[in-house]
Amino acid sequence: MTPTTQTDTGNAPGTAGQKPPRRSSWRSIGPGIVVAATGVGAGDLVATLIAGSKFGYTLMWAAVIGCLVKIALAETTGRWHLATGRTLFDGWRSLGSWTTVYFAVYVVIWGFVYGATAMSSSALPLVALFPGFLDLKVWAVLTGLLGLAFVWFNRYAVFEKLMTVLVGIMFVVVVYLAVRVGPDRGSAFAGLVPALPDGSLLYTLGLVGGVGGTITMAAYGYWVNAKGWKDSSWMKVMRLDNRTAYITTGIFVVAMLIVGAELLNAANVALTEGDKGLLDLGRVLEAKFGGPTAKLFLVGFFAASFSSLIGVWHGVSLMFADFVERWRAARADAATETGAEKVAAGETEKSWPFRAYLLWLTFPPISLLFLDQPFALVVGYGVLGAFFMPFLALTLLWLLNSKRTPQQWRNGPLSNVMLAAAGLLFVVLCVQQVRELPW
């Protein structure tokens, strides 16, 4: 990564207009916790569990490499925002109008389908915790409305505090389960040596590229600005924050691999694909360790799902609001305050595009809860989603090696290698995801 050469000075961080601390401080972190909580959802945990149940500890090395790839990718996102004072969408627009067209189509279709998915995922553990109380669809609608109200009436500081609490719950529950099932430390360390058992290639690629890798990685720079960090003097703090986020994510992944290897692999238990697989795990935990452990796990399941819901409600709405602002300014051929400054000042969270996208994520998707998802919509969602991570990795590689970025903060050799590797990985995953769609 490009080394930080600037000496940071000033007071405690956290509010726009304040100066960064003299040294990077654990008390300064925040956006990284938000991106970790948002990026790791129930589906990611199931995918990791299935990898552990099928291959034991053999793919532990892939989880570690995946953590390093995400650190590199998120670091470049944050570095772009801080080094240039411009948002990521500003950078995309400078690459040509094709980026605007892609993002506009993507954010509309993706938000419509993801809204229903996030609400259903948050409702599943509530149905299991309170059997017979409310129907799944009713719980789903209530979680969506709760997320809408929370993001609508609160600003970033309160949002970050809640996300920190949810991450704490997720962390305690997942690590507790890993300790409770009794990890085989010798096998776990042996799993750090790269190996590819028969039939493991796609699971390996998924572990490296999938967990914690969504549009929320692009939102990281916006959360950095919302925290009040808006220039290169915050670079050291951002890097500590980012590493903390993805080391935390790596611990989640390793812990779930341990649970899959010890609890499911030995017993030859198969999980249902998707979020419902966590309900299967809840039943296995209840049979082996009793009801309290199973209920604790369901609380962690809800924390993982609901943190992803409100994280997307907030982060992608920031991106959409910036997209609309840049598009309107371009059409009017007018100079405007930079998106990073508006986000840092809290103005974006009050804007009508931010709130309009919040409503889009909440109300239209409710219809999908009561209907089968239209075939064409499923295919469109799958194709656009598969292309997003290659789009992010390769455009960052372009932006951070060009004159758009100040010389001091352009990519070094390590950043270029990591971004190029990430881009290639995501292209392979993209092809595989498109091939698996129900054409």
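Numbers at a glance
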item	result
Expected 222 nm ellipticity per residue - DSSP helices of 4 or more, -39500 (n - 2.57), all of the chain, to 500	-23500 deg cm²/dmol
Cβ-based charge dipole, the chain, positive-most Cα from Gly277, Ala386, Trp80	Trp80
Principal-axis tilt of helix 291-332 within the chain, Cα atoms, nearest 10 degrees	20
0 to 90° range, to nearest 10: angle between helix 215-226 axis and the chain longest Cα axis	50
Charged-residue dipole, Cβ positions (Lys, Arg, Asp, Glu), the chain about Cα centre, Debye nearest 20	1020
Charge dipole (debye, nearest 20) of region 64-153; +1 at Cβ of Lys and Arg, -1 at Cβ of Asp and Glu	180
Distance cut-off 34 Å, percentage of C-alpha pairs in region 39-376 lying past it	27
Which of Leu257, Leu129, Leu148, positive extreme of dipole for region 39-376 (C-beta unit charges)	Leu148
Nearest-ten-degree value, helix 413-435 long axis tilted from longest Cα axis of the chain	50
For the chain: lysine pairs under 20 Å (alpha-carbon distance), excluding those fewer than 8 apart on one chain	19
Neighbour-count order for Phe289, Phe426, fewest beta carbons within 10 angstrom listed first	Phe289, Phe426
Ranked list, fewest to most other Cβ atoms within 10 Å of each Cβ, for Val113, Val101, Val40	Val101, Val113, Val40
Selection from Val165, Ala188, Gly111 lying farthest towards where the dipole of the chain points positive, charges on Cβ	Val165
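Since every read-out is calculated from the coordinates, none of them should be taken as a lab result. Values in this document were obtained by computation on a predicted structure and should not be read as measured data. Glycine also receives a Cβ, built like all others from the backbone with ideal geometry; neighbour counts cover every protein chain displayed.
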